[in-house]
Structure formats: C-alpha cells, structure tokens
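Only the coordinates and a few stated rules stand behind these numbers; no lab work does. Not measured: the values here are computed from a predicted model. Reconstructed Cβ throughout: ideal geometry from the backbone, glycine too, with neighbour counts over all protein chains shown.
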Amino acid sequence: APEPPWRARAAVADPDRIVASLHAPAPGEGWTSDRLTLLADRLAGRPAGRLKLAVGVEDVADLAPLAEVRDPAGRPWIRIGMGWAGQVGRLAYRALGSDWTYVSAPGEAAVAPGQVDLRWMQAIRDRHADRLLVLLGGEQIRHSPGPTVYERRAAALGLPYVYALAPTTRPEAALAVLLRLGLAGASVTMPFKERLRSLATAPDDAVIRVGAVNALRPA
C-alpha cells in the first residue's frame, strides 16, 4: 500500500514570549542616541514581546543613551551595558528601564563581560538594596577592593546600599545617568577630585580649604 502523505508544519511560538535580541559587544566610540536608535530600529520590526539591546560600554556615561532607546509599539526592553563599566546598569537594571537582567551561576565564570554573580544579586534583593553608592574615577579603579569591602559591610549591617565601580572620562555626564539609576552618593577619586569641586553646592570646610572633593551626595 502506498505510504500516506505527510504534512510538515513548523511550530510557531507566541510572539509575546519571544525576546528579539541584538548584541553589539565591541564598545562604541562613545555611544550616542542616534547610533543606538539605529540599532533599536533594527529590532523594532521583529515579532517579539520584548526587545533586548546589549552594547559594549567603556564609560558609565554611555549608559545614558541606552536608557533612552524606545520602541514605537511600547514593548518592554532589556537594556544591558556589557563590560565592567556597564556593571552598575546590571545592578540597577530596573532603574535603567529593563524588565530583568542576566546573572552568572555561583562559582562560574561570567557568560558575558560585566555579568553579576547570582549570589550578589540575591544578597542585594534580600536586603532590598535600592540605594546606589559608587566609586567614580578613571581606569585605575578597575582594581579597587571597594565593592567587596562595602558590599560585605552593607550586608553585615543590613543596609539598603549597593556599591559599584563607575569608570568614566566624562564625570558630569556619568553623574547624570547615575542619578537616574538611584545614586545616593559617590566616592570621588583621581582624576576628578578638583574638577568636580564646582558641582558642590554645599561644600564643607575641608572642601573649601583644599579645593577638592572626596565624596558627593545628591542635595
């Protein structure tokens, strides 16, 4: 007897459960709103419920245009700044405008540059840490023990702070985006101690005397 005819049908997933993803891992020469909008437009036509844009960043200030990308249809975003300069955006992912973030398994290497360990994120969640403290400085802060020291201290005291590195060459722009992410205070190190003196609207006596700042907090 002849074989019965078979019809093949591809499984079609519910578009609302699809994440359309675009990765540009190489850091841009300073991401601009126009450049990121071009990338976002490439995603906008995809049949997906969420859009994910992951770009390499070398400066915290580059998170600002990433936070501004929009979809004409109003779909949710997952915004990721890849690299150690973008880690602060992973820690404060909701303030950056992301539905969620990605973490690495405990004890395992990060899958993408700047990815946060699951245990760190769980500790932040458990103490409801939504107040951001940063070390603002140049490339040399990469090796700072600050995050380890202050995260342990915050956890021991049950304080709602998360401490992160904020490398930048554009400190004024970096502070603007950090305020958007929930900045509660910044330790200021080289080469910005004198440069950021002008931002202090209520400097203490030591700042006035030496003409430099060691820390800033929102007024």
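Here the dipole of segment 120-219 is about 80 debye; that uses its Cα centre as origin and unit charges on the Cβ of Lys and Arg (positive) and Asp and Glu (negative). A straight line joining the Cα centroids of segment 123-176 and segment 187-219 runs 18 Å. Between TRP84 and HIS143, the distance separating the two model label sites (each 7 Å from Cα on the Cα→Cβ line) works out to 1.0 nm. Where [x] 31; [y] 36; [z] 16 are the candidate values, the label of the one calculated here for percent of Cα pairs over 30 Å apart is [x]. Each label was represented as a point 7 Å from its Cα along the Cα-to-Cβ direction; for ARG180 and ASP34 these points are 1.9 nm apart. With no solvent and one point per C-alpha, what does the Debye sum give as log10 I(q)/I(0) for segment 15-55 at q = 0.16, 0.26, 0.29 Å⁻¹? Summing over Cα pairs of segment 15-55 leads to -0.41, -0.87, -0.99.
Within the chain, which is the longest segment containing none of the chymotrypsin sites (Phe, Trp or Tyr not before Pro) that sit in a DSSP loop and have at most 14 other Cβ atoms within 10 Å? The answer is 101-219. Please figure out what share of the DSSP beta bridges in segment 116-219 is antiparallel and state it in percent, rounded to the nearest 5. Counting DSSP beta bridges with both partners in segment 116-219, the antiparallel share is about 15 percent.
Note on GLU108/ASP41: beta-carbon distance plugged into 1/(1 + (r/R0)^6) with R0 of 45 Å gives a FRET efficiency of 0.80.
Output the peptides 170-182, 198-210 sorted from most to least packed, where packing is the average of other Cβ atoms within 10 Å over each peptide's residues.
Output ranking for 170-182, 198-210: 170-182, 198-210.
Looking at the chain, send over the antiparallel percent of its DSSP beta bridges, to the nearest 5. Taking every DSSP beta bridge within the chain, about 5 percent pair in antiparallel fashion.
Label-to-label distance for ARG217 and ASP205 is 1.9 nm, based on points extended 7 Å past Cα in the beta-carbon direction.
Between GLU68 and SER198, the contour length at 0.36 nm per residue exceeds the alpha carbon distance by 44.1 nm. Note that segment 187-204 has calculated 3J(HN,Hα) couplings of 7, 10, 10, 4, x, 10, 4, 7, 4, 8, 4, 5, 7, 6, 7, 9, x, 7 Hz, one per residue in order, obtained from phi through the Karplus relation 6.51 cos²θ - 1.76 cosθ + 1.60 (θ = phi - 60°); glycine and proline are x. Please build a GNM for the chain, connecting alpha carbons under 10 Å apart, and tell me which residue among VAL55, VAL103, VAL162 fluctuates the most. Ranking VAL55, VAL103, VAL162 by mean-square fluctuation puts VAL103 first. Comparing mean-square fluctuations of PRO106, PRO65, PRO160 from a GNM of the chain with C-alpha springs under 10 Å, the top value falls on PRO106.
For LEU165, nonlocal amide neighbours, meaning residues 5 or more places apart or on other chains whose placed amide H falls under 5 Å from its own, are LEU135. Largest first, the extents of the alpha carbon coordinates of segment 75-158 on the three principal axes equal 38, 30, 26 Å.
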